[in-house]
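Input: a single structure, listed below in structure tokens.
The values are calculated or read from the model by the stated rules, or taken from the named source; none is laboratory data. In this text the structure is predicted, and so the values were computed from the model without any measurement. Here the Cβ positions follow ideal geometry from the backbone for every residue, glycine too, while neighbour counts run over all protein chains shown. All accessible areas refer to the heavy atoms of the entire protein, side chains included, with ligands and DNA or RNA removed. Shrake-Rupley method; radii C 1.70, N 1.55, O 1.52, S 1.80 Å.
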Amino acid sequence: MKCIAAFVPLLLVLTPGASPGVTGGPVARDGEVRAVSVLPAAGSVEVVIDLRGAVDIQDFTLANPARLVVDLQGARLVAPAVLYDGANRGGIKNIRYAQFRPGVVRVVIDLDALKDYQIERREGQVRVKIGSERTAFEAWSSRDVTPAGPLGTPDLRPGSATNPGREPGVQTGKAARGGQAARVATPAQSGDGLTIDAYLEAHAKESAQSQAARITVTWDNADLREVVAGFSAFSGRTIIVSKDVKGQVSAEIKNQPWDLAFNAVLESQGLAANVLDGGIIQVIDKRDLARADSTVPVETRLVRVNYAKASALVPSVASILTKRGAVVADSTSNALVITEISSRITRVEEFVKGLDIRTPQVSIQAKIIFVDRTDVEELGVKYDLGSQTQFFNKLVQRPDPRTAKAVDTNGDGVPDAFVPQGNFEPNDVIVDLGGNSLSAIGNADQEVVNPALNLIFSTAIGNFDLTTFLQALQRVDLADVQAEPTITTLDNRVAEILVGDRVPIRVIDVGTGAVAGVAPRAIVRFEQTGINLKVTPHVTANRQVLMEVHAERSNVKPSSVDIGFTFQTQQADNQILVNDGETAVIGGLTVTEVTVTKSGIPFLVDLPILGKLFGFSSESESRRDLLILVTPHIIDDLVTPSTGK
């Protein structure tokens, strides 16, 4: 057992089997720190460090505040970087651990007071026993806690970016499982600031879009300075707290961007973050910040803009200016005239340079394929049955004896026969009033337009003549239209290409012809037809292309009705995300129309197989296919963000 006096660092006295500490560089070992836990024990509280492999151990204490530091030499950290929940377990207020330097894992135990402790090494464990009278608490282990965020383990070396001071970095709070919202257990508010939950609710959209590392943490009456130190350790930023700033924080934040959570805490305390030159963050009272700004002189600078339009940057720049600042765009020189307090104008100028960056160019190649296919099949049979004295004169034209004249048939100059000179009218019906005569006509009004086959068959059946007419047609119409428009534009700029015709359409104003003697007035309107491609590309940070695409193909077709023309249009409007050089299908449409018509002699036309001999059948199938393909190419020489070169 060791008795630790305040302000006196002591070296570790190992139990049997332990190796003495080494004050030099890291020892070549193969140890791995896999987890850290806090467990209750009889008359003490134990900090258990799960290990695999061999390590050397060195320990010492620090005062004001009281801390016990355990260095595991020859080890590397494989345990997830998590935050302690802030509960006081037997005098342990906080535990933080990190890869202090290559080969050394440091575990820092914050105590409410320096106490006797003992370090034991067991198989796969290092146990730190600290005397305590309070052992009724729930155990804690880093195995049961979700990692705090994607930043990984902070650097605890003195003087590092994460820990600018002499002492190890501080992490406070709790990384809970799941949950996307922030909840305040005891809302903390000072001055006129918003509560933490109100601030986060007001910035919910910003939280959803933020790329900053997310933090899950709980505070129970934590000192404001310790909370700020936790944010400093988590983010790796240097944060300075003004001497008059103080307060207590009780809140629970779950899975929020660290910068948004940090601003929420400051807002709840009536504080503000002032970013100084070099990226140092200063925590200061809002009123002090306003008073300080009011005494700083105002400066005006002319900032030239290279790639963007100066007028387009005015709203963004104005949003970060103080009440004493102003910004005006000069369209002649494409520059911004910025007025701001001298302590902030350099930051505003850097902000403008961050907005004025060279944007990549994107070449968009589209392929519009339109296939129109029409298949037509028609088949029909007509019948005419009549005698010399009774018949229909609709299909077979028969001579009219009333037009007969004497004709010389043998060429001797003497008329020797009466020959009709004309036929009955097509719609005449001759009826033998004596009866006992039969005539019939089948499918007389049916017709195949422009038939490919006309076949006539005639036969005599007794005193009757039977004549049949066969018509047949098969037609295939195929139209294949392929258009490949290509257009190049800047990032986030609309580009449009149009190839086609402007079709004049005459419109007659019928109302102008109501006055007698005045002709109706006609006007000519032009309609655009052809291939139209409109694209707005955006190159993402990972070199993908997000596109808003409008692709259209249209043509004019004469109409059978009195309006004159109809416009056949195929178009697609879409928003897609593709890789550089990847082809995406943004529109695919197939329309099939089938029309079947059958007419003929009742009952007979419905007979299987033979029914085609007693009627007309027409089958038409129209199929239209539309396919639109888009392929973007980033054609500039910008480097990927991963290389940074």
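Here are some notes:
- Of the criteria (1) farther than 27 Å from TYR84 by Cα; (2) modelled with pLDDT of 90 or more, which one SER331 fails: (2)
- Looking only at residues of the stretch 71-101 that are open to solvent by 20 Å² or more (accessible area, probe 1.4 Å), farther than 14 Å from VAL33 by Cβ and not basic (Lys, Arg), we find that the one that is modelled with the highest pLDDT is ASN88.
- A single entry from SER343, SER387 fulfils the requirement of being of a type in the set (Gly, Ala, Ser), at pLDDT below 90 and farther than 23 Å from PRO297 by Cβ: SER387.
- Filter result for SER599 (closer than 30 Å to THR467 by Cβ and open to solvent by less than 50 Å² (accessible area, probe 1.4 Å)): yes
- Selection within the stretch 506-535 - assigned to a strand (DSSP E or B), at pLDDT below 80 and surrounded by 13 or more Cβ atoms within 10 Å (Cβ to Cβ): ILE508
- Pairs with Cβ under 8 Å, 6+ apart, first in the stretch 300-311 and surrounded by 17 or more Cβ atoms within 10 Å (Cβ to Cβ), second among the small types (Gly, Ala, Ser) and assigned to a loop (DSSP other than H, G, I, E, B): ALA310/SER331
- Residue within the stretch 580-591 that is in a strand (DSSP E or B), within 30 Å of VAL449 (Cβ to Cβ) and modelled with pLDDT of 85 or more present: yes
- Yes/no for ASP288 being over 37 Å from the mean Cα position of the chain (by Cα) and either farther than 21 Å from ARG347 by Cα or surrounded by fewer than 20 Cβ atoms within 10 Å (Cβ to Cβ) (or both): yes
- All of GLU340, GLU377, GLU349 fail the test of being touching a Lys or Arg at 6+ places or on another chain (Cβ under 9 Å), surrounded by 14 or more Cβ atoms within 10 Å (Cβ to Cβ), of a type outside the set (Gly, Ala, Ser) and closer than 30 Å to LEU453 by Cα, apart from GLU377.
- Within the stretch 108-121, being of a type in the set (A, V, I, L, M, F, W, C) and either in contact with a Pro (Cβ under 9 Å, 6 or more places away or on another chain) or open to solvent by 40 Å² or more (accessible area, probe 1.4 Å) (or both) holds for VAL108, LEU111, ALA113, LEU114.
- Selected residue (criterion: surrounded by the fewest Cβ atoms within 10 Å (Cβ to Cβ)) from residues of the stretch 39-67 that are among the hydrophobic types (A, V, I, L, M, F, W, C) and within 17 Å of ASN94 (Cβ to Cβ): ALA63
- In the stretch 27-38, the qualifying residues are those that are surrounded by 14 or more Cβ atoms within 10 Å (Cβ to Cβ) and either basic (Lys, Arg) or more than 17 Å from TYR97 (Cα to Cα) (or both), and the one that is modelled with the highest pLDDT is ARG34.
- Count of the stretch 536-551 residues which are part of a strand (DSSP E or B) and open to solvent by 40 Å² or more (accessible area, probe 1.4 Å): 4
For (1) β-branched (Val, Ile, Thr); (2) open to solvent by less than 80 Å² (accessible area, probe 1.4 Å); (3) over 29 Å from the mean Cα position of the chain (by Cα), each residue gets a yes or a no:
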residue: THR459; (1), (2), (3): yes, yes, yes
residue: ALA472; (1), (2), (3): no, yes, yes
residue: LEU478; (1), (2), (3): no, no, yes
residue: LEU498; (1), (2), (3): no, no, no
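- For SER617, the conditions (1) open to solvent by 30 Å² or more (accessible area, probe 1.4 Å); (2) in a strand (DSSP E or B); (3) out of contact with any helix residue (DSSP H, G or I) (no Cβ under 9 Å at 6 or more places or on another chain) all hold with the exception of (3).
- Residue in the stretch 624-645 that is most open to solvent (accessible area, probe 1.4 Å), counting only those that are more than 21 Å from the chain's Cα centre (by Cα) and modelled with pLDDT of 50 or more: ASP637
- Counted residues, the stretch 430-457 - those being among the hydrophobic types (A, V, I, L, M, F, W, C) and open to solvent by 60 Å² or more (accessible area, probe 1.4 Å): 9
- Matching strands (runs of 3 or more DSSP E) fully within the stretch 204-285 where at least 1 residues are at pLDDT 85 or above and farther than 23 Å from PRO65 by Cα: 214-223, 248-257, 271-275, 281-285
- Verdict on ALA440 being touching a residue at least 24 places away in the same chain (Cβ under 8 Å) and in contact with a strand residue (DSSP E or B) (Cβ under 6 Å, 6 or more places away or on another chain): yes
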